[in-house]
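The next block holds one structure in the form of structure tokens; read it before the comments.
The values are calculated or read from the model by the stated rules, or taken from the named source; none is laboratory data. Keep in mind the model is a prediction, meaning the values are calculated, not measured. Cβ placement follows ideal geometry from the backbone for every residue including glycine, while neighbour counts extend to all protein chains displayed.
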Amino acid sequence: MLYHGSVIKNLSVIQANSPSHATNGLVAYFTEDRGYALVCCRTRKENFVTMGLRDDGKQHYFERFPHQLEALYRNKEGYLYLLQDRFDMVNTKGHTWECSHDVLVRQCEYIPDVYEEILKEESRRHVVIHRYDKIDQKEQKMHANWVKEHINDENVKEIKEFLWTHFSPLWDEEDSHESKEKDMREDVLPESKGL
């Protein structure tokens, strides 16, 4: 069984419109791992994934800011689209598959609260969740400051507001809050020119 997680309802086709991690083309993504598919039930403006397959064969989710799972998934609906076969699909990494063309949906599972469903996967030991306050604080600070250093990169433009909201309180103090307003203005408002 292959899954595709989404916040979009009533899909009959999963379009090949995402950049491939393995090739230069556009693909549709799928996974054998229901827990990973649940984590994909998020909006593009919250496209922040901190999950990956480890040596134990399980997906490990790392919270990089306090209450990350709740912020992304609590009280949010999701849809798991299911496929039966792997025709024309390529296994790219671990439980992840991609297809270079659109794929018909066979079935859809409605998820009324994605957060609660992820916790069920954790209780079944299908997912390991590393909560923010249980991870070494030096490691957390390193990740937060990495976000600070890359907040204006082109590849995070779509999630910049999300990153500011959740990471700026965790940054080293020097100028994080002062520069926030300036950086946000530079992206949103054109520079004022004298008349």
Practice task
Scan region 14-26 and give yes if some residue there is under 14 Å from the mean Cα position of the chain (by Cα), of a type outside the set (Val, Ile, Thr) and modelled with pLDDT of 95 or more, otherwise no.
Solution key: no
Handout entry: Residue list for region 105-133, restricted to those being among the hydroxyl-bearing types (Ser, Thr, Tyr) and under 18 Å from the mean Cα position of the chain (by Cα)
Key = 115, 132
Exercise for the section: For region 52-69, indicate whether the set of residues that are assigned by TED's automatic domain parsing to the domain that holds residue 17 and either closer than 27 Å to residue 12 by Cβ or polar (S, T, N, Q) (or both) is non-empty. Expected result: yes
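Please verify whether region 35-57 includes one or more residues that are more than 12 Å from the chain's Cα centre (by Cα), of a type in the set (A, V, I, L, M, F, W, C) and surrounded by 19 or more Cβ atoms within 10 Å (Cβ to Cβ).
Residues of region 35-57 that are more than 12 Å from the chain's Cα centre (by Cα), as a first pass: 35, 53-57.
Checking the rest, the ones that are also of a type in the set (A, V, I, L, M, F, W, C) come to 53.
From what's left, surrounded by 19 or more Cβ atoms within 10 Å (Cβ to Cβ): none.
No, because not a single residue in region 35-57 is more than 12 Å from the chain's Cα centre (by Cα), of a type in the set (A, V, I, L, M, F, W, C) and surrounded by 19 or more Cβ atoms within 10 Å (Cβ to Cβ).
Would you confirm, using the coordinates I've provided, whether residue 98 is over 30 Å from residue 136 (Cβ atoms), touching a Pro at 6+ places or on another chain (Cβ under 8 Å) and not assigned by TED's automatic domain parsing to the domain that holds residue 145?
Values: over 30 Å from residue 136 (Cβ atoms): yes; touching a Pro at 6+ places or on another chain (Cβ under 8 Å): no; not assigned by TED's automatic domain parsing to the domain that holds residue 145: yes.
Judged against the criteria, residue 98 is not a match.
Here is a yes/no grid of residues against (1) under 19 Å from residue 95 (Cα atoms); (2) assigned to a loop (DSSP other than H, G, I, E, B); (3) in contact with a Lys or Arg (Cβ under 9 Å, 6 or more places away or on another chain):
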{"residue": "5", "(1), (2), (3)": "yes, no, yes"}
{"residue": "9", "(1), (2), (3)": "no, yes, no"}
{"residue": "30", "(1), (2), (3)": "yes, no, yes"}
{"residue": "35", "(1), (2), (3)": "yes, no, yes"}
{"residue": "49", "(1), (2), (3)": "yes, yes, yes"}
Problem - Selection count where residues are under 26 Å from residue 71 (Cα atoms), touching a residue at least 40 places away in the same chain (Cβ under 8 Å) and of a type in the set (S, T, N, Q), scope region 19-53 - result: 2
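Could you tell me which residue of region 1-13 is modelled with the lowest pLDDT, considering only residues that are of a type outside the set (Ser, Thr, Tyr) and surrounded by 20 or more Cβ atoms within 10 Å (Cβ to Cβ)?
Kept after step one, since they are of a type outside the set (Ser, Thr, Tyr), are these residues of region 1-13: 1-2, 4-5, 7-11, 13.
Now restrict to residues that are surrounded by 20 or more Cβ atoms within 10 Å (Cβ to Cβ): 2, 4-5.
Values: 2: 94, 4: 97, 5: 97.
Residue satisfying both the conditions and the ranking: 2.
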